[in-house]
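Asker: Got a structure for you, written out below as structure tokens; questions coming shortly.
The values are calculated or read from the model by the stated rules, or taken from the named source; none is laboratory data. Quick caveat, the model's predicted, so the values are computed rather than measured. Positions of Cβ are generated from backbone atoms using ideal geometry, with glycine treated the same way; all protein chains shown enter the neighbour counts.
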Amino acid sequence: MKIRIEKDSMGEINVSEEKYWAAQTQRSFENFKIGDEKMPLDLIKAMARVKKAASFANFKCGIFDENKMKSIHQVCDEIINEDHNDQFPLVIWQTGSGTQTNMNLNEVISNRIQFLKYGEIGKQALYVHPNDDVNKSQSTNDVFPTAMRVAAYKTLQTKTIPELRLLQKVFSEKALSFANVVKTGRTHMMDATPVTLGQEMKSFADQLKTSLELLIHSSELLTELPIGGTATGSELNAPKNYDVLAAEFLSKETGFSFKSAECKATHMATLDSFVHVSSGLKNTAVSLMKIANDIRLLASGPRCGLGEIHIPANEPGSSIMPGKVNPTQVEAMTMVCAQIMGNDYAITIGGMQGHLQLNVFMPLIIRNILHSAHILADSCRSFRLHCVDGIEPNLPQIKEHLNNSLMLVTALNPHIGYSNAAKIAQKALCEDLTLKEAALQSGISENDFDTWVDPYKMV
């Protein structure tokens, strides 16, 4: 492997000749051999957008060369288009501020410009310096949390929230389709008074509607950016109006409405907005865990379970039992929900680590937020396409369970009283009678029973 010598304030270090990164990236690469999870690509692309915004703002403030700005924009666009993914090798488990990833971007942008301009790296003075130009008017302490917000907000708005809306819509449609399917209700996992299958589906839709509202509200907290706060929120070394110009550029660049935070120090020292977003993701996971488990129960069987709904049979379920089909989409969804809850716990701990002027758990937090947002979106899509879309009622099984339910006796309460109704239910259970048989033996006329006990009037 051919190498070149790179230098920084700590001295010289060898870097592979084909890499665009330089000394600080190489030191991090060698010093943090912890796991194999790289910094999320969504964050890298968001940082490239922030670098574009910073160079634009510097140019508009009259402190930056236009040709250098254009060079930076060209390379940043290459990064956004994923032309240089292999140039960002650093793992999540590094400095808690993300300084080394910020310098990774600065070095790659600088050396890529050098290569485009001169056809080589390391042989002459840099045309665009990583610190003095690419990082001009910036600190990792404002760049990284700004990029975190841009990356998280974009993922939520373009992927997570739309997929949740689609899943919620399907449950709403199922609620209308199954509005007249009367079935046994269950409380404490025991027979209860009737409900409709449509009511069950509407409950699922309503849960997701609430989750969506919470997630949408919390995501809006990410639109205030600390860009321009530099090291401690004091805006040291940043020109006047730089922050506003950078936020406006990011808004045009992404199509979302970002603004410069009034108190930048707050958004650097605390990551409370991410804790709120994570709570919204967790709340959604809690709802989906309940929904998925209910579908698992309703579809259980096919002959020895509740079996009140059919779900799609997507693949064989056993390597030993021929013909077995399992609720695999439910299982995938519930595992995702468990992971999101675990991610939230780590984010909660990370959110506590805002010591004085900086939170130093930023890589952990953005990794978990993006991970939760992506797997939630993916699982909602998979669950919708391969399970929920195909839900159909098993009408014969529903009718059999409904006819066997002793809790229809509740309809007798207003006519014969709770105690007498309880005696009829107990008689039916102990003597293995239908509820109607037990009622007739207890002196109720068939006409009265049929009039009073009508499941379709009980929902």
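Asker: Filter the stretch 63-82 down to the residues that are touching a residue at least 12 places away in the same chain (Cβ under 8 Å) and over 28 Å from the mean Cα position of the chain (by Cα) and list them by number.
Answerer: I63, F64, K68, M69, S71, I72, H73, Q74, V75
Asker: Here's another thing I want to ask about it. Does T230 fit the bill of being out of contact with any Gly (no Cβ under 8 Å at 6 or more places or on another chain), among the hydroxyl-bearing types (S, T, Y) and either crowded, with 18+ Cβ neighbours inside 10 Å or assigned to a strand (DSSP E or B) (or both)?
Answerer: The answer is yes for T230.
Asker: Still on this structure, I have one more. Quickly run through the stretch 420-451 and pick out the residues that are within 10 Å of V409 (Cβ to Cβ) and touching a residue at least 24 places away in the same chain (Cβ under 8 Å).
Answerer: Within the stretch 420-451, L435, A439 meet the criteria.
Asker: What's the number of the condition Y418 fails, among (1) modelled with pLDDT of 95 or more; (2) hydroxyl-bearing (S, T, Y); (3) under 30 Å from L208 (Cβ atoms)?
Answerer: (3)
Asker: Here's a follow-up. Name the residues in the stretch 244-265 that are of a type outside the set (A, V, I, L, M, F, W, C) and touching a residue at least 40 places away in the same chain (Cβ under 8 Å), would you?
Answerer: Listed by number, the residues that qualify are E253, T254, K264.
Asker: Does L116 fit the bill of being closer than 19 Å to E17 by Cα, modelled with pLDDT of 95 or more and surrounded by fewer than 18 Cβ atoms within 10 Å (Cβ to Cβ)?
Answerer: Working: closer than 19 Å to E17 by Cα: yes; modelled with pLDDT of 95 or more: yes; surrounded by fewer than 18 Cβ atoms within 10 Å (Cβ to Cβ): yes.
In short, yes.
Asker: Okay, moving on. So is L156 under 21 Å from S379 (Cα atoms), surrounded by 20 or more Cβ atoms within 10 Å (Cβ to Cβ) and in contact (Cβ under 8 Å) with a residue 12 or more places away in the chain or not?
Answerer: yes
Asker: For G35, work out the one condition from (1) of a type in the set (G, A, S); (2) touching a residue at least 60 places away in the same chain (Cβ under 8 Å); (3) surrounded by fewer than 22 Cβ atoms within 10 Å (Cβ to Cβ) it doesn't fulfil.
Answerer: (2)
Asker: Turning to a different aspect of this structure: Give the stretch 411-443 a look and list any residue that's of a type in the set (V, I, T) and over 28 Å from V181 (Cβ atoms), or say none.
Answerer: I416
Asker: A further question follows. Is it true that some residue in the stretch 47-57 is exposed (fewer than 14 other Cβ atoms within 10 Å of the Cβ), touching a residue at least 12 places away in the same chain (Cβ under 8 Å) and of a type in the set (D, E, K, R)? Reasoning before the result, please.
Answerer: Narrowing the stretch 47-57 to residues exposed (fewer than 14 other Cβ atoms within 10 Å of the Cβ): none.
The answer is no; no qualifying residue exists.
Asker: While we're here: Can you tell me which of D142, D42 is at pLDDT 95 or above, closer than 26 Å to A269 by Cβ, of a type outside the set (G, A, S) and touching a Gly at 6+ places or on another chain (Cβ under 6 Å)? Reasoning before the result, please.
Answerer: Numbers: D42 fails: touching a Gly at 6+ places or on another chain (Cβ under 6 Å).
Residue meeting the stated conditions: D142.
Asker: Let me ask something else about it. Would you check which residues across the stretch 159-180 are among the charged types (D, E, K, R), surrounded by fewer than 18 Cβ atoms within 10 Å (Cβ to Cβ) and under 14 Å from the mean Cα position of the chain (by Cα) and list them?
Answerer: R165
Asker: Only one of A438, A421, A411 is farther than 29 Å from I309 by Cβ, buried (at least 19 other Cβ atoms within 10 Å of the Cβ), touching an Asp or Glu at 6+ places or on another chain (Cβ under 8 Å) and not assigned by TED's automatic domain parsing to the domain that holds R303; which?
Answerer: A438
Asker: V15 fails exactly one of the following numbered conditions: (1) closer than 16 Å to L126 by Cβ; (2) at pLDDT 95 or above; (3) surrounded by fewer than 12 Cβ atoms within 10 Å (Cβ to Cβ); (4) not charged (D, E, K, R). What is the number of that condition?
Answerer: Of (1) closer than 16 Å to L126 by Cβ; (2) at pLDDT 95 or above; (3) surrounded by fewer than 12 Cβ atoms within 10 Å (Cβ to Cβ); (4) not charged (D, E, K, R), only one is false for V15: (3).
Asker: Inspect all residues belonging to the stretch 190-213 and state whether any of them is in contact with a strand residue (DSSP E or B) (Cβ under 9 Å, 6 or more places away or on another chain), closer than 30 Å to D133 by Cα and not assigned by TED's automatic domain parsing to the domain that holds I92.
Answerer: no
Asker: T146 fails exactly one of the following numbered conditions: (1) among the polar types (S, T, N, Q); (2) touching a Pro at 6+ places or on another chain (Cβ under 8 Å); (3) within 23 Å of N14 (Cβ to Cβ). What is the number of that condition?
Answerer: If we test T146 against (1) among the polar types (S, T, N, Q); (2) touching a Pro at 6+ places or on another chain (Cβ under 8 Å); (3) within 23 Å of N14 (Cβ to Cβ), just (3) comes out false.
Asker: Among I391, I365, which is the only one that is farther than 30 Å from A205 by Cβ and either modelled with pLDDT of 95 or more or crowded, with 18+ Cβ neighbours inside 10 Å (or both)? Before you say what the answer is, go through the steps one by one.
Answerer: Values: I391 fails: farther than 30 Å from A205 by Cβ.
Matching residue, one of I391, I365: I365.
Asker: Still on this structure: Exactly one condition in (1) in contact with a Pro (Cβ under 9 Å, 6 or more places away or on another chain); (2) part of a helix (DSSP H, G or I) is false for V459; which is it?
Answerer: Result: V459 passes all but (2).
Asker: Restricted to the stretch 234-266, and to residues that are in contact with a Cys (Cβ under 8 Å, 6 or more places away or on another chain) and in a helix (DSSP H, G or I), which residue is surrounded by the fewest Cβ atoms within 10 Å (Cβ to Cβ)? Walk me through how you get there before you give the answer.
Answerer: Filtering the stretch 234-266 for residues in contact with a Cys (Cβ under 8 Å, 6 or more places away or on another chain) gives 239-242, 245.
Next cut, in a helix (DSSP H, G or I) only: 242, 245.
Working: Y242: 26, L245: 22.
Only one residue fits best here, namely L245.
Asker: Which one is nearest to the chain's Cα centre (by Cα) among residues in the stretch 372-388 that are more than 30 Å from G185 (Cβ to Cβ) and surrounded by fewer than 18 Cβ atoms within 10 Å (Cβ to Cβ)?
Answerer: Going residue by residue through the stretch 372-388, those that are more than 30 Å from G185 (Cβ to Cβ) are 372-375, 377-378, 381.
Those left that are additionally surrounded by fewer than 18 Cβ atoms within 10 Å (Cβ to Cβ): 374, 378, 381.
Working: H374: 5, D378: 9, R381: 12 Å.
By that ranking, first place goes to H374.
Asker: Next question. In the stretch 186-212, which residues are touching a helix residue (DSSP H, G or I) at 6+ places or on another chain (Cβ under 8 Å), not hydrophobic (A, V, I, L, M, F, W, C) and not in a helix (DSSP H, G or I)? Show your work before the answer.
Answerer: Narrowing the stretch 186-212 to residues touching a helix residue (DSSP H, G or I) at 6+ places or on another chain (Cβ under 8 Å): 191-194, 197-202, 204-205, 207-212.
Cutting the leftovers down to not hydrophobic (A, V, I, L, M, F, W, C) gives us 191, 193-194, 198-200, 202, 207, 209-211.
Of everything in the stretch 186-212, those that are touching a helix residue (DSSP H, G or I) at 6+ places or on another chain (Cβ under 8 Å), not hydrophobic (A, V, I, L, M, F, W, C) and not in a helix (DSSP H, G or I) turn out to be D191, T193, P194.
Asker: Now for a separate question. Take the conditions touching a strand residue (DSSP E or B) at 6+ places or on another chain (Cβ under 9 Å), within 23 Å of N237 (Cα to Cα) and either not in a loop (DSSP other than H, G, I, E, B) or not assigned by TED's automatic domain parsing to the domain that holds V150 (or both) and apply them to E30. Does it pass?
Answerer: No; evaluated as a whole, the condition is false for this residue.
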